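Novice: Pasting in a structure now, in structure tokens, and then I'll have a few things to ask.
The values are calculated or read from the model by the stated rules, or taken from the named source; none is laboratory data. All figures in this text were calculated on a predicted structure; none of them were measured in a lab. Cβ sites come from the backbone with ideal geometry, for glycine too, and all protein chains shown count toward neighbours. Please note that ligands, DNA and RNA were not included when accessible areas were found on the heavy atoms of the full protein model with its side chains. Shrake-Rupley method; radii C 1.70, N 1.55, O 1.52, S 1.80 Å.
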Amino acid sequence: MRIITAADFGKLIRSTRKKVKLTQAQLAAASGVGERFIRELEKGKLSCQLGKALFVAQMLGIKLEAILPPINE
């Protein structure tokens, strides 16, 4: 899945959470964040903390990869 926006990331988090049959409350508890954070993350809120968002993704088993652009030397 290609992630371009915060909304794309939120959709990924939500769909994965549902696939593993967790509620927002269960994911929040397992990740050490509040339910409000999970709700806002899934809605694509731009100001969600990156570190927490990445940790939630990790808790769901999501692996992220960055692909660097080619460098013309």
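Novice: Taking the conditions exactly as written (open to solvent by 90 Å² or more (accessible area, probe 1.4 Å), in contact (Cβ under 8 Å) with a residue 24 or more places away in the chain and not hydrophobic (A, V, I, L, M, F, W, C)), does Arg36 satisfy them or not? Can you show your working first?
Specialist: On the way: open to solvent by 90 Å² or more (accessible area, probe 1.4 Å): yes; in contact (Cβ under 8 Å) with a residue 24 or more places away in the chain: no; not hydrophobic (A, V, I, L, M, F, W, C): yes.
No; evaluated as a whole, the condition is false for this residue.
Novice: Is it the case that segment 41-62 has a residue that's aliphatic (A, V, I, L, M), assigned to a loop (DSSP other than H, G, I, E, B), open to solvent by less than 40 Å² (accessible area, probe 1.4 Å) and in contact with a Ser or Thr (Cβ under 9 Å, 6 or more places away or on another chain)? If you could, list the steps in order and put the result at the bottom.
Specialist: From segment 41-62, those aliphatic (A, V, I, L, M) are 41, 46, 50, 53-54, 56-57, 59-60, 62; that's our starting set.
Then drop every residue that is not assigned to a loop (DSSP other than H, G, I, E, B), which leaves 46, 60, 62.
This time we only want the ones that are open to solvent by less than 40 Å² (accessible area, probe 1.4 Å), so: 60, 62.
Applying the additional criterion that residues be in contact with a Ser or Thr (Cβ under 9 Å, 6 or more places away or on another chain) yields 60, 62.
Within segment 41-62 (the criterion being aliphatic (A, V, I, L, M), assigned to a loop (DSSP other than H, G, I, E, B), open to solvent by less than 40 Å² (accessible area, probe 1.4 Å) and in contact with a Ser or Thr (Cβ under 9 Å, 6 or more places away or on another chain)), the answer is yes, since at least one residue qualifies.
Novice: Still on this model: Which of the numbered conditions does Val20 fail, given that it passes all the others? Conditions: (1) in contact (Cβ under 8 Å) with a residue 24 or more places away in the chain; (2) surrounded by 14 or more Cβ atoms within 10 Å (Cβ to Cβ).
Specialist: (2)
Novice: Let me ask you something else. Any residue at all in segment 3-17 that is out of contact with any Phe, Trp or Tyr (no Cβ under 6 Å at 6 or more places or on another chain), among the charged types (D, E, K, R), open to solvent by 80 Å² or more (accessible area, probe 1.4 Å) and within 16 Å of Ile62 (Cα to Cα)?
Specialist: Residues of segment 3-17 out of contact with any Phe, Trp or Tyr (no Cβ under 6 Å at 6 or more places or on another chain): 4-17.
If we keep only those that are among the charged types (D, E, K, R) as well, we get 8, 11, 14, 17.
From the residues that got through so far, the ones that are open to solvent by 80 Å² or more (accessible area, probe 1.4 Å) too are 11, 14.
Next, only the ones that are within 16 Å of Ile62 (Cα to Cα) stay: 11, 14.
Yes, segment 3-17 contains a residue that is out of contact with any Phe, Trp or Tyr (no Cβ under 6 Å at 6 or more places or on another chain), among the charged types (D, E, K, R), open to solvent by 80 Å² or more (accessible area, probe 1.4 Å) and within 16 Å of Ile62 (Cα to Cα).
Novice: Only residues in segment 45-72 that are of a type in the set (Phe, Trp, Tyr) count as the first member; pair them with residues that are surrounded by 15 or more Cβ atoms within 10 Å (Cβ to Cβ), Cβ under 8 angstrom, at least 6 apart or cross-chain, and list the lot.
Specialist: Phe55/Ser31; Phe55/Val33
Novice: Continuing with this model, one more query. Hey, any hits in segment 40-55 for a residue that's more than 13 Å from Ile13 (Cα to Cα), of a type in the set (D, E, K, R) and over 10 Å from the mean Cα position of the chain (by Cα)?
Specialist: No - not one qualifying residue is present in segment 40-55.
Novice: Here's something else I'd like to know. So Ala28 ticks every box in (1) part of a helix (DSSP H, G or I); (2) in contact (Cβ under 8 Å) with a residue 24 or more places away in the chain; (3) surrounded by 14 or more Cβ atoms within 10 Å (Cβ to Cβ); (4) of a type in the set (A, V, I, L, M, F, W, C) but one. Which box is left unticked?
Specialist: The failed condition is (2).
Novice: Considering only segment 1-20, state which residues are among the basic types (Lys, Arg) and at pLDDT below 95.
Specialist: First pass over segment 1-20, keeping only residues among the basic types (Lys, Arg): 2, 11, 14, 17-19.
Correct list: Arg2 only.
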